[in-house]
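So the structure is just underneath, and the comments pick up after that.
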Amino acid sequence: MDSLDRFASEKLAALAARALRRELAVSERTPDARVRRAGRELISFSCNDYLELSTHPEIIAAAIAATTRYGVGAGGSRAVTGNHPLYAELETRLAARKGTADALVFGSGYLANSGLIPALLGKDDVLFVDELAHACIWAGAKLSSARVLAFAHNDMSALTVLLEAERPAYRRAVIATETVFSMDGDCAPLETIAALALEHDAWALTDDAHGLGVVPIPSAAQRIPLQMGTLSKAVGGYGGYVCASAPVIALLRNRARSFVYSTGLPPATVAAAIAALDFFDRNPDYCARPLANARRFTRALGLPDATSPIVPVITGSATAALTLSQKLADAGYLVTAIRPPTVPEGTARLRVTFSASHRPEDIDRLADLLRAVAPIRIAAS
Ligand SMILES: *Cc1c(COP(=O)(O)O)cnc(C)c1O
């Protein structure tokens, strides 16, 4: 075996020894939150497609119409010829929704954070970041060469202490967090973060990947100057965005490398996102269902009320998470185990996500199955 394959094999063996090796399962998703795997149909409590818009006929029709009219690809980066006519409409709608002057759509949420943070911060600057923030915020931080200082999850006194001690030593500063934490389902205290940012001359950045469309926009969001997110969760498709002031967006069009040096999204994807935002506006009751379903589940288990469609069930060890996930699969439910490094060491879990079409009887049955394997604790507690 050559050294490259030996390197790969040894790395994989080390992961396998810790129950951390991952395999991809072929998953055919169908409407009503079903996933077909290895010939079996499971009810999925693991999709981020909270409103199931990825398979909604209206959204599919919009994507097909855009493909027929504009083709399957953008044909270049948006700075060259990839800026097809649908982009302006999507960006106008995103900005309106977030209450900002402008917006910029990126290839994905990962690309948005990878481009945004280095466009704002350099080596003389500092990023204060919640320790549980998404991998792409850390990637953007690394690419920026800024000093990165993590604060304990949602701990505003820890952030205050850090800002007081460290902020003065740097030129520019950003405070980054998530509106809804992707693996824990809890929400950031945006009011306090906005106030601390103002007090310490820092710019607040929120990642709303799991909020858009399914969690009511908190009023404090208006005081957050950098609001990014993704079109791949409740929006149902693909792409990322940053909503901000006109000068900030103009700067990103010029300096965000993941924007400048990457091809525009396919027209179908942009059209699907526009149709999805339109759907949100016309169907508020339907959009409230994932959170209501999550609450039905947390009530059934005697947990604190869910604040988002994401409810973690912490097992601690990766092996326990895998075993529990398998047990639920045997009963017909797909609840994927989430293991390190996606979550901190010792906090492996099942991440239960709720969608609009889950039936009450399935939610109750899942809760019953989990109660049978108690004790359960949630991440934030
Ligand atoms: C999914 C996710 C992203 C990445 O978005 P993609 O569009 O899938 O690249 C970013 N941040 C958070 C919090 C996420 O959950």
Query raised in the report: How long is the gain from Thr92 to Glu10 if the chain were fully straight, where each residue apart is worth 0.36 nm and the alpha carbon distance is subtracted?
Result: 24.6 nm
Query raised in the report: Straight-line reach from Lys11: which aspartates and glutamates have Cα under 19 Å away, leaving out those fewer than 8 places along the same chain?
Result: Asp2, Glu23, Glu345
Report task. For Lys233, go through the lysines and keep the ones whose alpha-carbon is under 28 Å away, minus same-chain ones fewer than eight residues off. Result -> Lys98, Lys142, Lys327
Requested in this report: With r as the distance between the Cβ atoms of Val72 and Met156 and R0 = 35 Å, compute the FRET efficiency 1/(1 + (r/R0)^6) and round to 0.05.
Outcome: 0.15
Query - Relative contact order of region 57-282, pairs being alpha-carbon contacts under 8 Å that are 6 or more residues apart, as % - result: 33
Query raised in the report: Modelled label-to-label distance, Gln222 and Leu198, 7 Å Cα→beta-carbon offset: nm?
Result: 1.2
Report task. Note down the relative contact order for region 231-293 as a percent, whole number, built from C-alpha pairs under 8 angstrom at least six residues apart. Result -> 32
Query raised in the report: Which whole-number percent is the relative contact order of the chain (Cα, under 8 Å, 6+ apart)?
Result: 23
Query raised in the report: Order of 159-172, 237-250 by packing, highest average Cβ count within 10 Å first?
Result: 237-250, 159-172
Query - Cβ-based charge dipole, the chain, positive-most Cα from Phe279, Ala356, Val260 - result: Val260
Report summary line: Label model pair Asp278, Arg257: point-to-point distance (7 angstrom along the Cα→beta-carbon line) in nm is 3.8
Query - Ranked by how many other beta carbons lie within 10 Å on average, peptides 142-152, 8-18, 307-317 from highest - result: 307-317, 142-152, 8-18
**Report entry** Residue-averaged 222 nm ellipticity for the chain, from DSSP H runs of 4+ at -39500 (n - 2.57), nearest 500
**Finding:** -12500 deg cm²/dmol
Query - Kirkwood Rh, angstrom, the chain [1 / mean 1/r, Cα pairs] - result: 21.8
Report summary line: Sorted by chain and then number, the residues having a modelled amide H within less than 5 Å of the amide H of Gly107, at least 5 places away or on another chain, are Gly240
Query raised in the report: For the pair Glu164 and Ile64, how long in nm is the line joining their label points, each one 7 Å along Cα→Cβ?
Result: 6.2
Query raised in the report: By per-residue mean of other Cβ atoms within 10 Å, what is the highest-first order of 39-46, 179-186, 324-331?
Result: 179-186, 39-46, 324-331
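Here, each number is a calculation from the coordinates, and none is a lab measurement. Predicted, not measured: the structure shown is a model, and the values here were computed from it. As a convention, Cβ positions derive from the backbone with ideal geometry for all residues, glycine included, and neighbour counts pool all protein chains shown.
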